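Let me begin by presenting the structure, written as structure tokens, before commenting on it.
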Amino acid sequence: MPETVGDRLVRGDKGKGLDALGKLFGAIVGGFYRLPGTRVIKDLLHGTALLRHPLHPAVTDAVVGGYTVVAALDLVYLFQRDATLSKATDIALLVSLLFALVAVLSGYTDWNDTYGNERRLGIFHGTLMSLTTIGYVVSLALRVGGGPREPAIYLALVLWVIVAATAHLGGEMVFGFGTGVNRHAWSAIPSKWQKIAIEAATLQDRKPVRVELKNGFTVMVVRVDTEIAAIGAVCTHAGGPLDEGELVGRDRRDIKCPWHASVFSVRTGRALHGPATMDEPRFETRVGPDGMLEVRSLSPGH
Ligand code: FES
């Protein structure tokens with residue numbers, strides 16, 4: 001259990017109220033993604049599609065940076081009353097809000113696959129960020145409404161402080177709880193051929209098996225027709241056991257994680273559907289002279 005500010009905020013009875021909020025948002029987000037045709041949106045918002053890296057932390061940088069530019073320009077305006085700054089500030093705020101919309105949607109999409117205190121902290125962070133986004137929309141409306149700019153500026157400055165504190169909690173999601181961190185980030189993956197305790201002839205078609213290499217790294221081995229494929233057995237998203245998943249997709253050549261339904265190609269290890277955004281380490285396989293299987297890492301950098 002991480003000893004972080006965020007965890008202390010939501011731990012035990014203190015965070016119980018957040019469970020009800022989490023249930024409500026979980027029903028909304030989960031319900032939406034159960035609708036047919038929404039998987040492509042989900043993959044885009046996780047970052048599995050196109051970016052191939054978590055999208056949420058990438059866009060939140062733009063949001064916090066944009067709001068900071070707005071705060072700096074607002075402060076200059078308060079001291080100099082330079083009307084030429086107003087237009088630039090309004091545009092900076094509008095662009096920041098467009099990024100904020102993506103950040104909110106990607107954040108709730110990632111959050112929906114979390115548990116326990118991590119989930120509580122996530123909904124706390126997400127709710128505060130959603131409210132600040134609404135506050136900034138009000139600030140923008142006041143600015144372009146033609147009235148005095150001061151109320152909009154003071155509102156935005158207060159919101160900037162809340163955003164800074166809330167962004168810190170978002171950082172704790174990653175650095176305290178490891179949300180979205182590749183579960184193989186610290187794995188040592190043997191790069192030399194290694195015999196494993198599986199007789200090739202005993203492998204049943206499309207029945208994955210988990211084996212442990214000498215250094216403890218676990219590999220999922222599966223026969224697909226005449227080919228024997230091997231990738232990491234631990235899901236890169238949050239550590240789910242891929243060998244307990246089901247083979248899916250065209251010709252059933254992809255493995256679906258039993259925890260949050262990420263899908264990986266068993267031949268390439270590529271993350272095909274999120275929430276996982278990182279690929280699985282993949283292995284070359286061969287049958288030794290004694291009929292036993294041998295594997296060797298094919299993943300670059302390991
Ligand atoms: S652990 Fe979340 S999808 Fe595998």
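The values are calculated or read from the model by the stated rules, or taken from the named source; none is laboratory data. Keep in mind that this is a model prediction, so the values were computed, not measured. All Cβ positions, glycine included, derive from the backbone under ideal geometry; neighbour counts span all protein chains shown. What goes into the accessible areas is simple: the full protein's heavy atoms, side chains included, and nothing from ligands, DNA or RNA. Shrake-Rupley method; radii C 1.70, N 1.55, O 1.52, S 1.80 Å.
In the set (1) farther than 22 Å from A261 by Cβ; (2) surrounded by fewer than 18 Cβ atoms within 10 Å (Cβ to Cβ), the condition left unmet by Y67 is number (2). Taking the criterion of being modelled with pLDDT under 85 and open to solvent by less than 30 Å² (accessible area, probe 1.4 Å), the only residue of segment 11-52 that qualifies is G15.
Taking the listed residues V266, V248, the one that is of a type in the set (A, V, I, L, M, F, W, C) and open to solvent by 20 Å² or more (accessible area, probe 1.4 Å) is V248, with no other qualifying.
Does G180 count as in contact with a Pro (Cβ under 8 Å, 6 or more places away or on another chain), under 30 Å from G107 (Cα atoms) and open to solvent by 30 Å² or more (accessible area, probe 1.4 Å)? Yes; evaluated as a whole, the condition is true for this residue.
Contact map, segment 250-264: first residue touching a residue at least 40 places away in the same chain (Cβ under 8 Å) and assigned by TED's automatic domain parsing to the domain that holds L45, second residue open to solvent by 50 Å² or more (accessible area, probe 1.4 Å) and more than 8 Å from the ligand (Cβ to nearest atom), Cβ cut-off under 8 Å, separation 6 or more or different chains; the map is empty.
Out of contact with any Phe, Trp or Tyr (no Cβ under 8 Å at 6 or more places or on another chain) and either buried (at least 16 other Cβ atoms within 10 Å of the Cβ) or not basic (K, R) (or both), is that true of A92? Yes; evaluated as a whole, the condition is true for this residue.
Applying the criterion of being open to solvent by less than 50 Å² (accessible area, probe 1.4 Å) and within 29 Å of the chain's Cα centre (by Cα) to the residues of segment 136-156, the residue that is farthest from T60 (Cα to Cα) is A156. Beta carbons closer than 7 Å, at least 6 apart along the sequence or on distinct chains, pair a first residue in segment 81-105 that is farther than 19 Å from H56 by Cα with a second that is at pLDDT below 95 and not in a helix (DSSP H, G or I) for S86/R149. Within segment 53-60, identify whether any single residue is among the hydrophobic types (A, V, I, L, M, F, W, C), open to solvent by less than 70 Å² (accessible area, probe 1.4 Å) and over 22 Å from the mean Cα position of the chain (by Cα), and answer yes or no. No - not one qualifying residue is present in segment 53-60. Just a yes or no: is a residue in segment 251-263 away from the ligand (no atom under 13 Å from the Cβ), open to solvent by 50 Å² or more (accessible area, probe 1.4 Å), assigned to a loop (DSSP other than H, G, I, E, B) and closer than 26 Å to T38 by Cα? Yes, that holds for at least one residue.
If only residues of segment 207-240 that are open to solvent by 20 Å² or more (accessible area, probe 1.4 Å) and under 20 Å from the mean Cα position of the chain (by Cα) are counted, the one that is farthest from the ligand (Cβ to nearest atom) is V234. Considering segment 158-174, the residues that are open to solvent by 40 Å² or more (accessible area, probe 1.4 Å) and touching a residue at least 40 places away in the same chain (Cβ under 8 Å) include one that is farthest from the ligand (Cβ to nearest atom), namely W160.
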